[in-house]
Amino acid sequence: MNVGLPPLPQDGTLHRFLHLHSDWKRALTGYPPEIPQLVDDFFEPANFFNEKGRIINTKFYIGTSEEDGKSYVLIQQDAAVLVWSALQAKLERVYDRPVPIKQPRINFYKYRGVEPVTIDSKKAWFNVTGRLRRVNKVRKADERLLSYKRQTNFAVELLLQKRHCFLAFDVEAYEKDHSCVIEVGWSLFDSRYNAYKDQHYLVTEYRHLKNGSYVPDRKNVFLFGTSVWASRDQITHELQKDIDWAVKRDGNICLVGHSLKDDIAYMTKCNLRWPEDGQVYKFDTAEMTAARVESVNTTMGLGRSLDDVNLDHWCLHNAGKLVEHLYAGCLNTSYR
């Protein structure tokens, strides 16, 4: 520990320095814009740490919150009150009337690994905060990877139970305008009876649109039944029936997709009613692949993901054919 650094504080006496800045600025919402700007100017490192503007030689700490696991720059209660007093005086001097920013009070947040740190210049501030951003970025990546692994393990658990329905679905967009979906395909897998129900629909509203310039045109290559022309509302109605049937029988349904949230967002815009949170489980094969290769930042398309587990594939840009590959990817990713 460096000579001259302050002793470690007691629990309940620490404030997150940047949160003081944001909280006090938020309290001035509705004031003329130059007033909240004064708060930004006050906390600007070049101002806060210059010889004339340094606030009572503020002592800083760094610590990791037991609440969210993030690391923060911290100051003690007495220092926070003095910073508040200096800011209040500046605001009232400029605005020429009382400004209602609340004095900081002792809180109940707890931190681990608290240690004092010297921040006495703009350069030191950016060095410390830059280091904390890197630490928090690594922590966030580790948490995401752990959540992907849990998702994979849960998929295995549900598959082995053999009493759930899995719905793999995909929407295929027009290559020149992604708001125009020209195909919707899904497959309902009943794990109780090892049975599949495959559906592939072509959207009549966009009958005139065809891929082929940037994305392969595969909409007429559905190999598990007959493609059906239908309106977007009719397609939504048919998908809704399958979802409702599964939820009514099992109390839940398992959704499978590659970058699943995009497909969910589109069907939501089509007024599809998803089950309540406790009735739907979501399995994203892109995230499950990242868990398998132990890299949260690895982004693989479905084709590459299938290649990586030595599974043949074809016609991925047919929405109905793609869902069969989703099952293959999910199953192989889960069991490997």
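All of the numbers you see were taken from the coordinates with simple rules; none came from a lab. Because the structure is predicted, anything quoted here is derived from the model rather than measured. Backbone-built Cβ (ideal geometry, glycine too); neighbour counts: all protein chains shown.
All told, residue 228 falls short of being closer than 15 Å to residue 171 by Cα and in contact (Cβ under 8 Å) with a residue 40 or more places away in the chain. Note on segment 12-88: no enclosed helices (runs of 4 or more DSSP H) hold 3 or more residues that are over 19 Å from residue 132 (Cα atoms) and among the aromatic types (Phe, Trp, Tyr).
Residues that are surrounded by fewer than 14 Cβ atoms within 10 Å (Cβ to Cβ) and over 21 Å from residue 192 (Cα atoms) within segment 263-290 comprise 265, 268, 269, 271, 273, 276, 277, listed in sequence order.
Among the residues of segment 88-105, write down those that are surrounded by 14 or more Cβ atoms within 10 Å (Cβ to Cβ) and over 16 Å from residue 43 (Cβ atoms). Matches in segment 88-105: 95 only. Of the residues making up segment 251-263, those that are in contact with a helix residue (DSSP H, G or I) (Cβ under 9 Å, 6 or more places away or on another chain) and not in a loop (DSSP other than H, G, I, E, B) number 6.
One residue alone among 117, 128, 99 is out of contact with any Pro (no Cβ under 8 Å at 6 or more places or on another chain) and over 14 Å from residue 17 (Cβ atoms), and that residue is 99.
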